[in-house]
Amino acid sequence: MIRIANEQPKDSNAIEALLDRLFSRDRRSKASYAFRRETPPVTRLSLVARDRGHVVGTVRYWPVEIGGARTPALLLGPIGVSPLYQGKGVGGALMSQSLALAAATGHRIVLLVGDRAYYARFQFRPAAPLGLSMPDEQPHRLLVRELVPDALEGVKGGVRPWRAVTGWRASSH
């Protein structure tokens, strides 16, 4: 039976091994990984799917900011599911539960880099037509979802990694 729960520190090695199998060790050289260096994930939103105690799926979120106003947002990813569990609703459950948790804890905007065809079912849409961009990323792969209606009102500009000096808060803007 698959259970979804908050990621625990002891899960780190299993998560990294799963992501290496799914995306290769080269995944760390992708542009979106630059947003994860030197910034810890949002632990309350980092979930794992377990089957008989083994990690079979994972999703993490990272704090980012958008534009000159430094609007706080979340960068979702990576999300990954073991091949034996793909097509069985594990990824969808991780997405749905983590997005609901993000909304419930005051987050307003979520971005991700991925395929529109897959993520549209989770209400993600292209970010570029809204004036959002991510350095070194293909514009058509940057997607966004408002967790609160009109959260993107007046928000434009580049997505940047969050840095402590910016005073990032989930509930601002």
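The values are calculated or read from the model by the stated rules, or taken from the named source; none is laboratory data. Note that the coordinates shown come from a computational prediction; the quantities given were computed from them, not determined experimentally. Because the Cβ atoms are built from the backbone with ideal geometry, glycine has one as well, and the counts that use them run over all protein chains shown. For the accessible areas, the whole protein counts, side chains as well, though only heavy atoms, and no ligand, DNA or RNA atoms are used. Shrake-Rupley method; radii C 1.70, N 1.55, O 1.52, S 1.80 Å.
Rounding to the nearest 20 debye, state how big the charge dipole of segment 37-131 is about its Cα centre with +1 on each Lys and Arg Cβ and -1 on each Asp and Glu Cβ.
In debye, rounded to 20, segment 37-131 gives about 140.
Pick out, from 155, 66, 83, the residue whose Cα sits farthest towards the positive end of the charge dipole of the chain, with +1 on the Cβ of Lys and Arg and -1 on the Cβ of Asp and Glu.
83
Can you list the residues, at least 5 places off or on another chain, whose amide H is less than 5 Å from the amide H of residue 132, using H built in the peptide plane?
The answer is 157.
Work out the FRET efficiency for residue 38 and residue 86 from their Cβ-Cβ distance, taking R0 = 35 Å, and round it to the nearest 0.05.
0.65
Can you run phi through the Karplus equation (6.51, -1.76, 1.60; θ = phi - 60°) for segment 106-120 and list ³J(HN,Hα) in whole Hz, with x for Gly and Pro?
Couplings: x, 6, 10, 9, 10, 10, 7, 10, x, 8, 4, 4, 7, 7, 4 Hz.
Can you compute 3J(HN,Hα) from phi for each residue in segment 82-87, using the Karplus curve 6.51 cos²θ - 1.76 cosθ + 1.60 with θ = phi - 60°, rounded to whole Hz and x for Gly and Pro?
3J(HN,Hα) across segment 82-87, in whole Hz: 3, x, 5, 10, 5, x.
Could you give the angle, 0 to 90 degrees to the nearest 10, between helix 12-23's Cα long axis and the longest principal axis of the Cα atoms of the chain?
Result, in degrees: 80.
Work out from phi, with θ = phi - 60° and the Karplus expression 6.51 cos²θ - 1.76 cosθ + 1.60, the ³J(HN,Hα) of each residue of segment 67-79, listed in order in whole Hz, and give x for Gly and Pro.
In residue order, the calculated couplings are x, x, 7, 6, 5, x, 8, 10, 10, 7, x, x, 10 Hz.
Counting only DSSP beta bridges with both residues in segment 68-162, tell me the antiparallel percent, nearest 5.
60 percent
What is the magnitude of the charge dipole of the chain about its Cα centre, with +1 placed on the Cβ of each Lys and Arg, -1 on the Cβ of each Asp and Glu, and no other charges, expressed in debye to the nearest 20?
180 debye
With an 8 Å cut-off on Cα pairs and a minimum separation of 6 or more residues, tell me the relative contact order of the chain in percent.
The value is 23 percent.
Mind checking the per residue accessible area of the chain for me, 1.4 Å probe, whole number of Å²?
Heavy-atom accessible area per residue stands at 52 Å².
Under a 5 Å amide H to amide H cut-off, with H placed in plane at 1.01 Å, what residues pair with residue 7 once short-range neighbours are removed?
Under 5 Å from the amide H of residue 7: 46, 47, 48.
Determine which residues of segment 43-62 fall in the zone a paramagnetic label at residue 105 would reach in this model, i.e. backbone nitrogen under 14 Å from the point 7 Å along Cα→Cβ.
43-48, 59-62
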